[in-house]
Each structure stands twice: as structure tokens, then as C-alpha cells.
Amino acid sequence: MKVLFSLAVSLCLTIQLSFAQSSRYAIVPQPVRLTEEKGSFKLPNNVSISIGDDDPEVRRVAGMLADQLTKSTGKTAKVKTGKAGAITFVRMRNPKLGKEGYFLNVTPKRITLMAQEPNGFFYGMQSLLQLLPAEVFGNSVAQGVDWSVPCCSIEDQPRFAYRGMMLDVARHFYPTPAVKKFIDQIALHKINTFHWHLTDDQGWRIEIKKHPKLTEIGSVRKETMLGRYGNNKFDKTPYGGFYTQDEIRDVIKYAQERFITVIPEIEMPGHAMAILSAYPQLGSSPDKIVPVTGRWGVHEDVLFPREETFTFLEEVLTEVIDLFPSQYIHIGGDECPKKQWQESRFCQDLIKKQGLKDEHELQSYFIGRIDKFITSKGRKMIGWDEILEGGLSPNATVMSWRGVDGGIAAAKQGHDAIMTPTTYFYLDYYQADPKTTNMPLAIGGFLPLEKTYSYEPLPDSLSADIKKHIIGVQANVWTEYIKTPDYLEYMIYPRAIAMSEIGWTPRERKNLEDFKQRLDVHKKRLDVLGINYYGAPINPNFQYVKPDGSVGKL
């Protein structure tokens, strides 16, 4: 009995020690290597942040750190060049670190952050801030806080080059301030790509100067579905919104300052009712009235592969490419019904003329034309995994959403793939059972945090040559039922944090229980930042839609 009691006490102490360590070094995503050291570094009243040379990008990152420390701690933090300060940024050449890696060394006397590129300094800064008390993320001076950093040595770099979050602003529009807050949140978690879903059947959200009807007509729908899809009810209220090109540039610049690439998505040939509402001649008939729909789901009205359609899309994409400096341009390519093409004499004649087998190959022909144009502009095309059907376009990258098979198939063909399967990364799915838990209305599905965290993008069955083509992961937020920023945050977090750890942390370093312990600490940071995550303290302003369509509080 005494032996059992001793074992129980020993186990309890081990668990407490493990939690204490996780609490002290609760960095998310988990670094590649963290060596704990004794002692801590106490921030002085005057915090000098030294940069070795006057690289403007490194200075800007150091300035971001100085501003946050000054704002939250009440201490005076300033950036200088020259000899070592309390915090020193050191530019170093080490191929092991790559573009985004860093070394962070904390001793009782100073903090040293080393990186090859400004990206690495930025991510090192995020880890450093997470080593400080949660109040460091505040917008005002916190009182009675011990501003100490536990001593440690960190070596860190991401597992995958592509770590993305997709936000759908077509179903529900998010103004620029909300988009910027979204960017701040993903930057905190070392996510480096913002996939901006700008167009769909329910609205066109980007100004195109050559085709103004896209926003004059295509950005507004007369009504929106109310409650569950099966209710077949509508609110009878016009809904719309779009970003001017100046607002797009502003968001891109804001993201670039946080080392986030913004990838635009312009849907084609399906999910195009907003286009057809303004330019019906690009669809099955110039005489057909196609409204911007307020109904969710997949619709039969699609773009037709006429020359005038390709001319129109090339003009649209030219403006998009001029706005967005990203390497990738996303063209959708998903959920394109073929009924209208099957019934069209023009489409059937084109299939014969091009020597195609069927409508799937006609879609491949459509996508291939767009791929060729995007490639001619020095960019790369991304599409959802349906672009595999009928043959994959030569330069395409595949975003695998209907499970993982599409991404694996693309990788086996020598194409790059980004893994974003519904079963792990669709954050519009319920995160608790709505039958047993009071949950806001969601599109369906069931995706708890543990399921998201369990995903492994590189199956052991794949060879190294195939694995190298799986370049990253992405979580997606479709907003049919997500109307407000509070609602958005509730659905995204903490599951997006689990995705960020999958994208950053080596497989062998992942551990669910350890992640949950670090997450418990991290939630205090989210509280300070005012992020309305699932399980957060009650937000009196958080209203959500109930299954019957009425609005309520959680």
C-alpha cells in the first residue's frame, strides 16, 4: 500500500512539474528545440533593443517589439544600432535556419535573437513575447506584473513553408479593420499565408475598374438565408459590400509588415453567379437573368468557355495580379456543375473541336487556358482538387479539400499540393456536439480540437520524392453562418492554433496533452487580446444565429 501511495505521489509531482514547465515555456506553436535554463531575465526600466546593422526591415521588427513593450509594461524601450543592448538582434548566416528560422537565447544578463532574414526575427519576437507574462499583449500598462523572461535556449524553424488560413468574405463581408485583426491573430501563431476568398455566388467583393458592374451589381444580394439551410427561409434584407483597390492595397501592405502573403481567390468556372448577375452574356444565355443569390450551396449557373469569357477573365486577373504581389493566384475550380454544358450545343461542339472526352475535360480545358495566362504573367495557379478531374493543368498547384487523396494524387504527378481536408481543417464545422452543448448554428460536421491536432500531412506510405511536393497545410473558414468578427473568432480558435502547430512543429515534437497545457496558458494571452475563442469568458456582445434563424446570446 505504501508503495502504491509513493507511486501515486511521484506521478502527481511529475504531472505538476510537467505543467509548471509547460506554463513557463508555453510557446505555440511548439519550437523545434527548447532547452530550459535556470534563472530569468528581468526587463530593466530602460530597454535598449540593439540591431547589428541598420537593415530597415530588421529595424521595423525591432520597432514593433519596442512599441509593444513600451505600451504594455510602462518601461521605455528603444531601438539602437551598435553594441549589444538588453535585447540584441544579430543577423547571421546559417542555412539551417532558412528564411523563417531563428535562435533565441535568454540569460539573466541579456536576450539575444539571431536570424538570417527579417521573417526569422519576426517569428523569434513572437516566441519572446510568449515567454513574457500574458499582459504583454495588452494595449495599456499592466500593474503589478513581474516582467521577467525565463532563461532558455531555442532553435526554431518551420516544418512546412506554406502555413495558411482562408477567410471567405463572399458569403459574409468583413470590413478592412476586421480583416486586419484576423491578420494580427494569425501572425501571432506563425501562420504566413492569408488566402482571401473574394468572389462567389453570393457576392463579388473586389473592385475591378475595367468591369465596374461586378461591384455595382455583383456585390449586393437582395436577401440571405435565415437559419438552417433546410428551413428555406430568407431575411428579405439586401446585403452587400466590397473592397476598393486602395483598401486591397492597404490590407496587403498590412499583411506584408507581418510577413504574411495574401493570396486572392477569384472563383471560376463555377460559383460565378455574382459575375453572371452583372454580365449574363458570359453564361448559358445573354437573356437569362441570374441574380446574386442569397441561397447557400452549389448552383447550376456557371461560366461558359467562350472567347469573350476568357477575355473578360484575363482582364479581371490582370487587375488582380497588378494588385497582389503573391506568387500564387487561386482560381477556385471547385463544385462546377456540368448540366448547362451538357445541354449546350456550343459546349458540345467545343468538346468535339478540341478532341475532348467529356465535360470534365472541358473544365480542364477552361482551367488550362487560365493557367497559361497566369503563367504568362510570371505567377502560379492554385485550384481546389477538382482541377484534377479531366487532367491537371501543367503548372497547377492543388489545394486538397475533399480528403487527402487529391493532394497525394497531385504530388504523385509531380505537382505541389497544400493539404486542407474538410475532416481536419474546415473550421466552420461544429467543435462540440450541438445536441449536448449550447452551440451557435454551423454548417454541420463535427471537428473537435483533438481531431484537428491529430492530422499528419505526410503519411509514412509516401516516398520522399512525393512528400517533397506536399508544401504545407491550411485551415478554411467558410462564412455562410458566420456573420460577425466575434462569431468568426469563436469558430477559428483554438482549432487554428492546432493547425499552426501541425504546420510549424516537427512531427516527433507534437504531443496533444502538452499542447493542451500550453494552450491553457495561451488562452490568457487571447483573453488579453480580446479574442472570442471557443470556451472564452462570456462576451456580452457576442450574438449568434440559432437554428431557427433568431439571434441570441451564448
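The values are calculated or read from the model by the stated rules, or taken from the named source; none is laboratory data. A quick note: this is a predicted structure, and the numbers were derived from the prediction, not measured. Ideal geometry is used to build each Cβ from the backbone, glycine not excepted, and the neighbour counts take in all protein chains shown. Ligands, DNA and RNA are stripped out before the accessible areas are found, and what is left, the full protein with its side chains, is counted by its heavy atoms. Shrake-Rupley method; radii C 1.70, N 1.55, O 1.52, S 1.80 Å.
Among the residues that make up the stretch 286-299, is at least one of them among the polar types (S, T, N, Q), in contact (Cβ under 8 Å) with a residue 60 or more places away in the chain and touching a His at 6+ places or on another chain (Cβ under 7 Å)? Show your work before the answer.
So the first thing to find is which residues in the stretch 286-299 are among the polar types (S, T, N, Q), and the list is 293.
Add one more test, that the residue is in contact (Cβ under 8 Å) with a residue 60 or more places away in the chain, and what stays is 293.
From the residues that got through so far, the ones that are touching a His at 6+ places or on another chain (Cβ under 7 Å) too are 293.
Yes, there is a match, as at least one residue in the stretch 286-299 is among the polar types (S, T, N, Q), in contact (Cβ under 8 Å) with a residue 60 or more places away in the chain and touching a His at 6+ places or on another chain (Cβ under 7 Å).
Select, from THR293, THR309, the only residue that is open to solvent by 10 Å² or more (accessible area, probe 1.4 Å) and either within 25 Å of ASP235 (Cα to Cα) or at pLDDT 95 or above (or both). Quick ask: steps written out before the conclusion?
Details: THR309 fails: open to solvent by 10 Å² or more (accessible area, probe 1.4 Å).
THR293 is the lone residue from the list that is open to solvent by 10 Å² or more (accessible area, probe 1.4 Å) and either within 25 Å of ASP235 (Cα to Cα) or at pLDDT 95 or above (or both).
Within the stretch 412-471, track down each residue that is among the small types (Gly, Ala, Ser) and closer than 13 Å to ALA498 by Cα.
Matches in the stretch 412-471: SER454 only.
GLY74 - would you say it is within 14 Å of ILE154 (Cα to Cα) and either in contact (Cβ under 8 Å) with a residue 40 or more places away in the chain or surrounded by fewer than 21 Cβ atoms within 10 Å (Cβ to Cβ) (or both)?
Judged against the criteria, GLY74 is not a match.
What are the residues in the stretch 537-554 that are hydrophobic (A, V, I, L, M, F, W, C) and touching a residue at least 24 places away in the same chain (Cβ under 8 Å), if any?
Within the stretch 537-554, the first condition is being hydrophobic (A, V, I, L, M, F, W, C), and the residues that meet it are 538, 542, 545, 551, 554.
Residues satisfying the conditions are PHE542, VAL545, LEU554.
So, in the stretch 313-372, of the ones that are basic (Lys, Arg) and within 19 Å of ASP201 (Cβ to Cβ), which residue ends up surrounded by the fewest Cβ atoms within 10 Å (Cβ to Cβ)? Outline the logic, then answer.
As a first pass, look at the stretch 313-372 and keep what is basic (Lys, Arg): 338-339, 345, 352-353, 357, 369, 372.
If we keep only those that are within 19 Å of ASP201 (Cβ to Cβ) as well, we get 338-339.
On the way: LYS338: 16, LYS339: 12.
Among them, the one singled out is LYS339.
Here are some residues: ILE351, ILE387. Which one is within 23 Å of MET419 (Cα to Cα) and not charged (D, E, K, R)?
ILE387
When you scan the stretch 413-423, do you find a residue that is farther than 26 Å from TYR365 by Cα, out of contact with any strand residue (DSSP E or B) (no Cβ under 6 Å at 6 or more places or on another chain) and at pLDDT 95 or above, even just one?
yes
Collect the residues in the stretch 240-283 that are touching an Asp or Glu at 6+ places or on another chain (Cβ under 7 Å), open to solvent by 10 Å² or more (accessible area, probe 1.4 Å) and among the hydroxyl-bearing types (Ser, Thr, Tyr), keeping them in residue-number order.
THR244
How about the stretch 483-515: which of its residues are of a type in the set (Val, Ile, Thr), in a helix (DSSP H, G or I) and either in contact with an Asp or Glu (Cβ under 9 Å, 6 or more places away or on another chain) or open to solvent by 40 Å² or more (accessible area, probe 1.4 Å) (or both)? Show your work before the answer.
Looking only at the stretch 483-515, we keep the residues that are of a type in the set (Val, Ile, Thr), and these are 484, 492, 497, 502, 505.
Among the residues that remain, those that are also in a helix (DSSP H, G or I) are: 492, 497, 502.
The answer is ILE502, and nothing else.
Report, by residue number, each residue of the stretch 358-397 that is touching a His at 6+ places or on another chain (Cβ under 6 Å) and of a type in the set (Val, Ile, Thr).
ILE382 - this is the single residue of the stretch 358-397 that is touching a His at 6+ places or on another chain (Cβ under 6 Å) and of a type in the set (Val, Ile, Thr).
Evaluate the following for PRO459: is it under 27 Å from ILE482 (Cα atoms) and either touching a strand residue (DSSP E or B) at 6+ places or on another chain (Cβ under 6 Å) or of a type outside the set (D, E, K, R) (or both)?
no
I need the full set of residues from the stretch 516-530 which are open to solvent by 10 Å² or more (accessible area, probe 1.4 Å) and either under 23 Å from the mean Cα position of the chain (by Cα) or among the small types (Gly, Ala, Ser) (or both), in order please.
Passing the criteria: LYS516, ASP520, VAL521, LYS523, LYS524, ASP527, VAL528, LEU529, GLY530.
Which of the residues that make up the stretch 137-174 are over 30 Å from ARG507 (Cα atoms) and touching a strand residue (DSSP E or B) at 6+ places or on another chain (Cβ under 6 Å)? Reasoning before the result, please.
Residues of the stretch 137-174 that are over 30 Å from ARG507 (Cα atoms), as a first pass: 138-148, 169-174.
Once the filter is applied, which keeps residues that are over 30 Å from ARG507 (Cα atoms) and touching a strand residue (DSSP E or B) at 6+ places or on another chain (Cβ under 6 Å), the stretch 137-174 yields SER148, ALA170.
All but one of (1) without any contact (Cβ under 8 Å) to a residue 40 or more places away in the chain; (2) in a strand (DSSP E or B); (3) of a type in the set (D, E, K, R) hold for LYS236; state the number of the condition that does not hold.
(2)
Considering (1) in contact with a Ser or Thr (Cβ under 9 Å, 6 or more places away or on another chain); (2) crowded, with 17+ Cβ neighbours inside 10 Å, say which one LYS377 fails and leave the rest.
For LYS377, the failing item is (2).
Only one of (1) assigned to a strand (DSSP E or B); (2) within 27 Å of ARG159 (Cα to Cα) fails for VAL58. Which number is that?
Among (1) assigned to a strand (DSSP E or B); (2) within 27 Å of ARG159 (Cα to Cα), VAL58 violates only (1).
Could you please find all residues in the stretch 211-233 being basic (Lys, Arg) and in a helix (DSSP H, G or I)? Write out each step before concluding.
Residues of the stretch 211-233 basic (Lys, Arg): 213, 221-222, 228, 233.
Listed by number, the list holds a single entry, LYS213.
If we keep just the residues of the stretch 203-239 that are of a type in the set (Ser, Thr, Tyr) and open to solvent by 40 Å² or more (accessible area, probe 1.4 Å), which is farthest from the chain's Cα centre (by Cα)?
Ranking the qualifying residues of the stretch 203-239, first place goes to THR237.
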